[in-house]
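Visitor: Dropping a structure here in structure tokens format, bear with me for questions.
The values are calculated or read from the model by the stated rules, or taken from the named source; none is laboratory data. The model shown is predicted, which means the values in this text are computed figures rather than measured ones. Positions of Cβ are backbone-derived with ideal geometry, glycine not excepted, and every protein chain shown enters the neighbour counts. Only protein heavy atoms, including side chains, enter the accessible area calculation; ligands, DNA and RNA are left aside. Shrake-Rupley method; radii C 1.70, N 1.55, O 1.52, S 1.80 Å.
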Protein chains: 2
Amino acid sequence: MLAEAAVPVNRAPQTTEPPMSLQKPALDPRGVSALNRSGYPEPYRTRVLPREKRRLGDALGLTRIGINHTTLPPGKESSMRHWHTHEDEFVYVLAGEVVLRTELGEQLLSAGMCAGFPAGTADGHQLVNRSDRPAVYLEVSNRDSADTAHYADPEVDLVFSPAHARGTFTRRDGTPL
Amino acid sequence: MLAEAAVPVNRAPQTTEPPMSLQKPALDPRGVSALNRSGYPEPYRTRVLPREKRRLGDALGLTRIGINHTTLPPGKESSMRHWHTHEDEFVYVLAGEVVLRTELGEQLLSAGMCAGFPAGTADGHQLVNRSDRPAVYLEVSNRDSADTAHYADPEVDLVFSPAHARGTFTRRDGTPL
């Protein structure tokens, strides 16, 4: 009845969802804080942000696999086209649709479809949301401290080195961005 | 990644789904043959079968992570309660609901909920479908040839040894089942 009803002070903003009651090892992804950040320098950064990543694996105490629950708004890209040296990657679309770009070309992945990228296979991949609604997907990988990523599109002048977890981005010739 | 040994058997019958047009690295899970098999001896075998497992990770050429798309009929159990020594496990419910049994007790996981089990944490887990419709979930793990599984329910007289991938099941005292 009022524009400012009695709202408990410490709660997160109300949604239409019920409160979360699951306890670890169970987890409701809606209870995990969404991160909206990228290690990319410009001009790549604004191609991927804003987006929401919920680190489900971290929230569950997993260290050998990484699991992100990601919401990609219309017009945004999951990453630049890349491949990993030591980490398998897997993507499963939960809602909406994304365009998968690889050497094969473009394929449309709708909810229930998936894709997988074996470590060391030099075929860069990227998801692009060309639809008018958010796309939601799970992204999964093993974790390997020896891993690094290579970027596949010639116009993406990006190198990540020396290692994936702690590296920094430069241009391909090593100069800063 | 599984609590059961890989036992080659004939493939399950084809489904009624139409042919898929996606090409690797993309994949429509409906185009992957469903396996209905278990390495468990009785009386555990009939507690988990029939069920459908689609090995998405294998179909995509992934070797460092395992990804199964599993359909568990009403009344069936995902596995006996167990935990892994060297493999993180993650489950995401896609449709229906399952009861997660751990040391904490029972929690109901509906579509969109998940759970994670860090390697080496001695808290056995199991999913049970107590509903009247099939439950569908993704199960994910890293793969580690040193992995083995331990069974947590006292009435489950089961040991898997010596190694996860190629081991066999016996009773806890080592005698055959």
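Visitor: Peptide B:21-33: average number of partner chain Cβ atoms within 10 Å per residue? If you can, show how the numbers build up before the last one.
Guide: Details: counts 2, 7, 4, 8, 16, 13, 8, 5, 4, 2, 0, 1, 0.
The shielding value for this peptide is 5.
Visitor: Run the label-point distances for B:Leu108 please: 7 Å along Cα to Cβ, every other copy, nanometres, shortest first.
Guide: Its label point is 3.7 nm from the equivalent points in the other copies.
Visitor: So, one more: At a probe of 1.4 Å, how much accessible area disappears from chains A and B on forming the pair, both sides counted, to the nearest 100 Å²? Write out the running numbers ahead of the final one.
Guide: On the way: alone 10720 and 9360 Å², together 16850 Å².
Buried area between the two chains comes out at roughly 3200 Å².
Visitor: Another question about this same structure. Using the 7 Å Cα-to-Cβ label point, sort the distances from B:Gly31 to its equivalents in the other copies shortest first and give them in nm to one decimal.
Guide: 3.8
Visitor: Can I ask one more? Given Cα pairs under 8 Å that are at least 6 residues apart, what percent is the relative contact order of the stretch B:45-177?
Guide: On the way: 334 pairs, mean separation 35.6, N = 133.
Relative contact order of the stretch B:45-177: 27 percent.
Visitor: Going by average Cβ density within 10 Å per residue, which order do the peptides B:93-106, B:25-38 take, highest to lowest?
Guide: On the way: B:93-106: 17.5, B:25-38: 19.7.
Answer by packing, highest mean first, reads B:25-38, B:93-106.
Visitor: Cα-Cα over 25 Å: which of B:Lys24/B:Lys53; B:Lys24/B:Lys76; A:Lys53/B:Lys76; B:Lys53/B:Lys76; A:Lys24/A:Lys53? Mind dumping the intermediate values first?
Guide: Working: B:Lys24/B:Lys53 19 Å; B:Lys24/B:Lys76 32 Å; A:Lys53/B:Lys76 33 Å; B:Lys53/B:Lys76 13 Å; A:Lys24/A:Lys53 19 Å.
Listed pairs above 25 Å: B:Lys24/B:Lys76; A:Lys53/B:Lys76.
Visitor: Taking only the Cα atoms of the stretch A:32-144, how large is their convex hull per residue, in Å³? Don't jump to the answer; show the numbers that get you there.
Guide: Values: hull volume 11.5 nm³, N = 113.
Per-residue hull volume (Cα only) is 102 Å³.
Visitor: How shielded is B:91-103 by partner chains, expressed as the average number of their Cβ atoms within 10 Å of its Cβ atoms?
Guide: Details: counts 2, 9, 0, 5, 1, 0, 0, 0, 0, 3, 0, 4, 1.
Per-residue shielding by partner chains comes out at 2.
Visitor: How shielded is B:46-53 by partner chains, expressed as the average number of their Cβ atoms within 10 Å of its Cβ atoms? Spell out each step's value before the answer.
Guide: On the way: counts 0, 0, 0, 0, 0, 0, 0, 0.
Average per residue, whole number: 0.
Visitor: Along each principal axis of its Cα atoms, how long is the stretch B:86-177 end to end? Whole angstroms, biggest number first, please.
Guide: Extents along the principal axes: 38, 28, 23 Å.
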